[in-house]
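Report on one structure; see the data block that follows.
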Amino acid sequence: MKFAVLVFPGSNCDIDCYKAVEDSLGEPVEYVWHTATDLSAYDCILVPGGFSYGDYLRCGAISRFAPVMAEVAKAAEQGKFVLGICNGFQILTEAGLLPGALRRNMSMKFRCHDTVLKVVNNTTPFTIDYAKDEEIVIPIAHGEGNYYCDEETLAGLKANNQIVFTYSDNPNGSVEHIAGISNVQGNVVGMMPHPERAANSLLGSEDGKRMFTSILKTWRDRYDTASIR
């Protein structure tokens, strides 16, 4: 399985994502610049956190027009796995690959600390190594993580089991405590917390590591190859 870590001007969590894949899975992983026009060689695309294009206009508003995003949309349509983390989540909503929007935190402050999440949907390619309703510790680091959607969209998220993670303490004021969602098909997930920063005990938690092992396990099951060790 081959991973791509996208790099935009202003990305700052790309190395974290790269190391999480390399250390947790030992699978091939490459940085892919935002000007790339072909992602056909990759099975999973990671859209990392940071401040792409300086967060000018609105978080993710410029990045969604980068040439690589057309390829991300194509990969998502083909059923490949796409994970947007923090700024990556913002980019995916701006690009229309996930519903809703991320607004300024209710406190109007940047929040950077561990947070407890509940695994609401453990049937996505990113969460099969978790138990349903399991509580995990994953750090956040954002100023615009307040997830918002209208009532009709929220009803759809609930009906289609698209709410993947919720906060136990709702640090940013998100609707329904939402921390992460998927598309209807489940192959695209966006989340504000950083699983790549919780993939090694040295970082204080290994709870994020299972997101990466879930991806590999799902891919191997899909292609009927050897199960993950």
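The values are calculated or read from the model by the stated rules, or taken from the named source; none is laboratory data. Being a predicted model, the structure only gives us computed values, none of them experimental. Quick reminder, even Gly has a Cβ in these numbers, built from the backbone with ideal geometry, and neighbours come from all protein chains shown. Areas reflect the complete protein model, heavy atoms only, side chains present, ligands, DNA and RNA absent. Shrake-Rupley method; radii C 1.70, N 1.55, O 1.52, S 1.80 Å.
Of all the helices (runs of 4 or more DSSP H) wholly in region 1-100, which have at least 2 residues that are touching a helix residue (DSSP H, G or I) at 6+ places or on another chain (Cβ under 9 Å) and closer than 23 Å to His142 by Cα?
14-24, 87-94
Of the numbered conditions (1) under 15 Å from the mean Cα position of the chain (by Cα); (2) surrounded by fewer than 22 Cβ atoms within 10 Å (Cβ to Cβ); (3) not small (Gly, Ala, Ser), Ile140 fails exactly one; give the number of that condition.
(2)
Kindly provide the set of residues from region 143-157 that are farther than 29 Å from Gly79 by Cβ and part of a strand (DSSP E or B), ordered by number.
The answer is Asn146, and nothing else.
Note down all Cβ pairs under 8 Å where the first residue falls in region 18-45 and is more than 30 Å from Leu202 (Cα to Cα) and in contact (Cβ under 8 Å) with a residue 24 or more places away in the chain, the second is surrounded by fewer than 18 Cβ atoms within 10 Å (Cβ to Cβ) and charged (D, E, K, R), and they're at least six residues apart or on different chains.
Hits for this filter: Leu39/Lys74; Ala41/Lys2.
Yes/no matrix, rows are residues, columns are (1) over 28 Å from Ser174 (Cα atoms); (2) touching a Cys at 6+ places or on another chain (Cβ under 6 Å); (3) open to solvent by 40 Å² or more (accessible area, probe 1.4 Å); (4) of a type in the set (Asp, Glu):
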site	(1), (2), (3), (4)
Val7	no, no, no, no
Cys13	no, no, no, no
His34	yes, no, no, no
Pro48	no, yes, no, no
Gly54	no, no, yes, no
Cys59	no, no, no, no
Phe65	no, no, yes, no
Met69	no, no, no, no
Phe89	no, no, no, no
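Restricting the first residue to region 192-210 and requiring it to be at positive phi, which pairs with a second residue that is open to solvent by 20 Å² or more (accessible area, probe 1.4 Å) and among the aliphatic types (A, V, I, L, M) meet a Cβ separation below 8 Å and a spacing of at least six or different chains?
Qualifying pairs under 8 Å: Gly204/Val137.
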